[in-house]
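Data first, discussion second: the structure below is written as structure tokens.
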Amino acid sequence: MKKFLSILMLLAMIFALAACGETAAPAQSAAPAEAAVPSGVEDGVLTIAMECAYAPYNWTQSDDSNGAVPIANVPGSYANGYDVMIAKKICEANGWELEVIQSDWDSLVPGVQTGTFDAVIAGQSMTAERAEQVDFAGPYFYATIVCVTKADSLYAGATSIADLAGGSCTAQLATIWYDQCLPQIEGANIQSAAETAPAMLMALETDTVDFICTDMPTAQGAVAAYPDMVILDFSGTDGDFQFSEEVRAENVNIGVSMMKGNTVLKEAIDSFLSTMTVDDFNALMEEAISIQPLSE
């Protein structure tokens, strides 16, 4: 029995020594999480960009009347318009301060991609092409496609795009209006695209073209600034511009763009916009049109 117990004790010691001699396997380090895209509002400031020259969506004025806000990179100038009004509401709902940066149209998407500003609120259509480069929150406005001509024009009584045949026309560069609408008008004499919305309107006002193609808010703003202009709205008729519902929605719905993957900012803005109705958007646009300057 003593011999048997001795053997058991010896075996126990051997197992104990073996256990002590084992080296614990190193803990597997967790795979590094993919870096999240900064929201941009960690500092409590939402920095947005716009042209500040695209009434009634946005414009520049010399003072802070009617709720205008300073343009951070243009000292002494202030931004106002529908985009500014929406931006202020978004900031109020989220407890952020608002900073507005003036940026040329072609610089808006690159500026979001590089983080130069947090978002673009600039009357920007939610196109599939843009959605490949940026994320969109919204829409924050639903527009329609129309034409604008002079009240004394031969085309003022047009009831369909067919009635515009033979007329000279233009639209803003890199828009559905220029790339896809004007070519649908048989025999249209399409001129070079206008660099900006104001340049497009000036082409019509100076009789360089017979009519232009744009969205309804821009047209309404144009008529307010230039009383000799009239809107040609063919929407809902057989004489309207023809698109699939998907293409039309992409190009007439206006959204807030931000860096790809910025889910925090997108969700915060979408959460606020979901509380607004189409009637709310239209009422705010009417207010913007009523206070826009007669010239920029």
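Observations on the model:
- Boolean, MET202 is over 28 Å from GLU129 (Cα atoms) and free of Cβ contacts under 8 Å to residues at least 60 places away in the same chain: yes
- Among the residues of the stretch 226-247, those that are assigned to a loop (DSSP other than H, G, I, E, B) and open to solvent by less than 20 Å² (accessible area, probe 1.4 Å) comprise PHE234, GLY239, ASP240, PHE241.
- Residue check: TRP59 meets all listed conditions (1) open to solvent by 10 Å² or more (accessible area, probe 1.4 Å); (2) at pLDDT 95 or above but one, namely (1).
Each row is one residue, and each column tells you yes or no for (1) at pLDDT below 95; (2) over 19 Å from ALA222 (Cα atoms).
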site	(1), (2)
TYR82	no, no
GLU129	yes, yes
ALA137	no, yes
PHE141	no, no
VAL146	no, no
GLY157	no, no
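- Inside the stretch 86-116, residues that are polar (S, T, N, Q) and closer than 18 Å to ASN58 by Cα make up a count of 3.
- The lone exception for MET216 - which of (1) in contact with a strand residue (DSSP E or B) (Cβ under 6 Å, 6 or more places away or on another chain); (2) surrounded by fewer than 22 Cβ atoms within 10 Å (Cβ to Cβ); (3) without any contact (Cβ under 8 Å) to a residue 40 or more places away in the chain it fails: (3)
- Contact map, the stretch 152-166: first residue farther than 15 Å from CYS213 by Cβ, second residue of a type outside the set (Asp, Glu) and open to solvent by 50 Å² or more (accessible area, probe 1.4 Å), Cβ cut-off under 9 Å, separation 6 or more or different chains; pairs are THR159/THR237; GLY166/GLY187; GLY166/ASN189.
- Checking each residue in the stretch 248-269 for being assigned to a strand (DSSP E or B) and open to solvent by 20 Å² or more (accessible area, probe 1.4 Å) picks out only ASN253.
- Any strands (runs of 3 or more DSSP E) falling wholly within the stretch 93-203 and containing at least 1 residues that are aromatic (Phe, Trp, Tyr) and surrounded by 20 or more Cβ atoms within 10 Å (Cβ to Cβ): 135-142
- Only one entry of SER168, SER125, SER153 meets the criterion of being modelled with pLDDT under 95 and small (Gly, Ala, Ser), and that entry is SER125.
- Residues that are among the aliphatic types (A, V, I, L, M), surrounded by fewer than 18 Cβ atoms within 10 Å (Cβ to Cβ) and modelled with pLDDT of 95 or more, drawn from the stretch 36-56: VAL45
- VAL223 vs. criteria over 19 Å from the mean Cα position of the chain (by Cα) and part of a strand (DSSP E or B): no
- With respect to the conditions (1) at negative phi; (2) open to solvent by less than 60 Å² (accessible area, probe 1.4 Å), THR208 falls short on a single one, namely (2).
The values are calculated or read from the model by the stated rules, or taken from the named source; none is laboratory data. Computed from a prediction, not measured in an experiment: that's the story for all the values here. Methodologically, a virtual Cβ is constructed for each residue, glycine included, from the backbone with ideal geometry; neighbour enumeration extends over all protein chains shown. The accessibility values were calculated without ligands, DNA or RNA, using every heavy atom of the protein model including side chains. Shrake-Rupley method; radii C 1.70, N 1.55, O 1.52, S 1.80 Å.
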